[in-house]
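First comes the structure, then the notes that go with it.
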Amino acid sequence: QQRVISTIIGSLLAISKSFEHRDYEALITKVTQYSARLLKKSDQCKMVMLCSHLFYSAEESGYRNPQRVLECLQRSLKVADACVNSSPSNMYLFVDILDCYLYHFEKLNPTITDRFISGLIALVNEHINTIGDNEAVADSKFQFVQTVRYIEEKKSDAATFSRFGKIVCKLPN
């Protein structure tokens, strides 16, 4: 099911300009609803997060509904929290969601602000510190450190400082 939804999302992104605005919106809403009903919570989280891309085209002339992007990402966070509480090995979901927030932030989605990213960085740090040195989260921790370093690079670049400067970054202890 996850592979099929991924394929549908990719196909819809590729042919989004072929549809009327209303038809496209109806299709992507149905795909998102179906994604939110997958049996495994971790699959729900990943697929709803992927659906966020359907609601904000990188192209100026493409479909854009910034509020729906935020709704998808917040839904993913809620499900990720339940997943991590049941198994720390699901920590990667938070880091993937952070990366997705960062993607939308860089694409200038007006609903994704530096406050959301700073808050998510703090949340990931809190979970990493709570879980401790667990082998199950080593890869997630590495990916998180790389993401924070990327943000720090953007903050130190004069061309992107105005956008990234307010993001509060802290690496885990």
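Observations, loosely collected:
Yes/no matrix, rows are residues, columns are (1) small (G, A, S); (2) closer than 22 Å to S61 by Cα; (3) modelled with pLDDT of 95 or more; (4) within 17 Å of the chain's Cα centre (by Cα):
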position: Q2; (1), (2), (3), (4): no, no, no, yes
position: G10; (1), (2), (3), (4): yes, yes, no, yes
position: L13; (1), (2), (3), (4): no, yes, no, yes
position: S18; (1), (2), (3), (4): yes, yes, no, no
position: R22; (1), (2), (3), (4): no, yes, no, no
position: K30; (1), (2), (3), (4): no, no, yes, no
position: L39; (1), (2), (3), (4): no, no, no, no
position: Q44; (1), (2), (3), (4): no, no, yes, yes
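- S6 within 20 Å of T111 (Cβ to Cβ) and of a type in the set (S, T, Y): no
- Residue in the stretch 68-89 that is out of contact with any Ser or Thr (no Cβ under 7 Å at 6 or more places or on another chain) and over 30 Å from T130 (Cβ atoms) present: yes
- Taking the stretch 71-118 as the range and being of a type in the set (K, R) and assigned to a helix (DSSP H, G or I) as the test, the residues that pass are R75, K78, R115.
- Total residues in the stretch 46-65, condition assigned to a loop (DSSP other than H, G, I, E, B) and at pLDDT 95 or above: 1
- Scanning the stretch 24-38 for residues that are open to solvent by 80 Å² or more (accessible area, probe 1.4 Å) and without any contact (Cβ under 8 Å) to a residue 24 or more places away in the chain yields a count of 2.
- Matching option when the condition is open to solvent by 40 Å² or more (accessible area, probe 1.4 Å), out of contact with any helix residue (DSSP H, G or I) (no Cβ under 6 Å at 6 or more places or on another chain) and not charged (D, E, K, R), among S61, S118, S87: S61
- Residues of the stretch 55-105 that are under 12 Å from the mean Cα position of the chain (by Cα) and among the acidic types (D, E): E71, D96, D99.
- Where Y103 falls short, out of the listed (1) farther than 27 Å from T160 by Cα; (2) open to solvent by 40 Å² or more (accessible area, probe 1.4 Å): (1)
The values are calculated or read from the model by the stated rules, or taken from the named source; none is laboratory data. Everything numeric here is computed off the predicted structure, so don't read it as measured data. Positions of Cβ are backbone-derived with ideal geometry, glycine not excepted, and every protein chain shown enters the neighbour counts. Accessible surface is based on the protein model in full, side chains and every heavy atom, while ligands, DNA and RNA are left aside. Shrake-Rupley method; radii C 1.70, N 1.55, O 1.52, S 1.80 Å.
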